[in-house]
Amino acid sequence: MARNRKGNPIDGVLLVNKSTGQSSNRILQHYKRCLFAKKAGHTGALDPLATGLLPLCFGEATKFSQILLESNKTYETTARLGVRTDTCDADGNVISTANIPSISAEWVDSLLKEHFTGVINQVAPIYSALKVNGRPMYELARAGIEVEAKSRQVEILSIEAIDIRDEEIDLRVHCSKGTYIRSIVDELGQLLGCGAHVSRLHRIQHGPFTLNHCVVSDSSSQEALLAALLPTDAMILDWPRIDLEPAGVERFLHGNPSPYLNGDKISNKELRVYDPENNRFIGIGTINERQQIVPKRVISCDF
């Protein structure tokens, strides 16, 4: 691909299988350089310790990255029992140790159902990216500034113990945005009476995406990356589709309500919108009282 000084106009979503030890932003910058892309952004950071699915948005897809930021996610994690750390993971300093009691699957299951199912109040770890007065909590904690832990509501759609060993418990958690798996593991360890921290965290699902079509985080040629790039609308293929009348396409792209081809009445919910003549995705919109498509986000197009 020929380069220009400002970067290539690349649009789409790249699914990266993040390896441990790197920040999400470092991986984003790596792929932006590899593709020499004008614009790029990730859709929710993974801790350096964490691995797994990290969707990256390029070009026009960055306009829709909030959709993935708001989406549900699934993680597999390993809780190392008997040791608590100040970060609630293996990167932190040990703050306490304790003997591990005899733990049954029934006991763990009952704790998960009672304390970690449905809508719960969760306290964010002090070493988290959640901001206090405009600064990340981890930055304040590392500077020795005392920070009051923040509590917020999250939803645990499902949680299960998939393996229990002498010193470890493997969990699978399907949850809403903003859920801290480290907090779940830390609280579970306290309920078990021995403490625990995250020794492994692996994201296997993010919105509509799974690990199946990821590229490896340290590969590969520009050609291979371009071949792996998904179209911008890949993140919302489960939304209803609407095709605009030819005269409505330009109106929609200029931010005006537009007529659509589908004849049936549609409820007022978000839709993915297309120019059927060119079979191209042009944005997302909602239906107004006059049964017109009102633009919410549009793709930049040359007429």
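The values are calculated or read from the model by the stated rules, or taken from the named source; none is laboratory data. Because the structure is predicted, anything quoted here is derived from the model rather than measured. Neighbour counts run over all protein chains shown; Cβ positions are idealised from the backbone, glycine included.
Scanning segment 211-262 for residues that are of a type in the set (S, T, Y) and surrounded by 15 or more Cβ atoms within 10 Å (Cβ to Cβ) yields S217, T232, S258, Y260. Candidates G92, G118: the one that is at pLDDT 70 or above and at positive phi is G118. Considering (1) farther than 24 Å from V154 by Cα; (2) of a type in the set (S, T, N, Q); (3) touching a residue at least 24 places away in the same chain (Cβ under 8 Å), the lone condition that Q205 does not fulfil carries the number (1).
Of the helices (runs of 4 or more DSSP H) lying entirely inside segment 1-119, those containing at least 1 residues that are touching a His at 6+ places or on another chain (Cβ under 9 Å) span 24-35, 65-69.
Can you tell which of A40, A98, A45, A90 is touching a residue at least 12 places away in the same chain (Cβ under 8 Å) and buried (at least 19 other Cβ atoms within 10 Å of the Cβ)? Every option except A40 fails the conditions. The criterion of being closer than 16 Å to V198 by Cα, surrounded by 15 or more Cβ atoms within 10 Å (Cβ to Cβ) and not assigned by TED's automatic domain parsing to the domain that holds I156 does not hold for G7. Scanning segment 150-169 for residues being surrounded by fewer than 13 Cβ atoms within 10 Å (Cβ to Cβ) and in a loop (DSSP other than H, G, I, E, B) gives a total of 2. Q29 meets the conditions (1) surrounded by 21 or more Cβ atoms within 10 Å (Cβ to Cβ); (2) more than 22 Å from I299 (Cβ to Cβ) in every case but one. The failed one is (1). R203 meets the conditions (1) farther than 30 Å from T87 by Cβ; (2) buried (at least 21 other Cβ atoms within 10 Å of the Cβ); (3) charged (D, E, K, R) in every case but one. The failed one is (1).
Tell me, yes or no, whether segment 188-198 has at least one residue that is touching a His at 6+ places or on another chain (Cβ under 8 Å), small (G, A, S), modelled with pLDDT of 95 or more and surrounded by 15 or more Cβ atoms within 10 Å (Cβ to Cβ). Yes, because at least one residue in segment 188-198 is touching a His at 6+ places or on another chain (Cβ under 8 Å), small (G, A, S), modelled with pLDDT of 95 or more and surrounded by 15 or more Cβ atoms within 10 Å (Cβ to Cβ).
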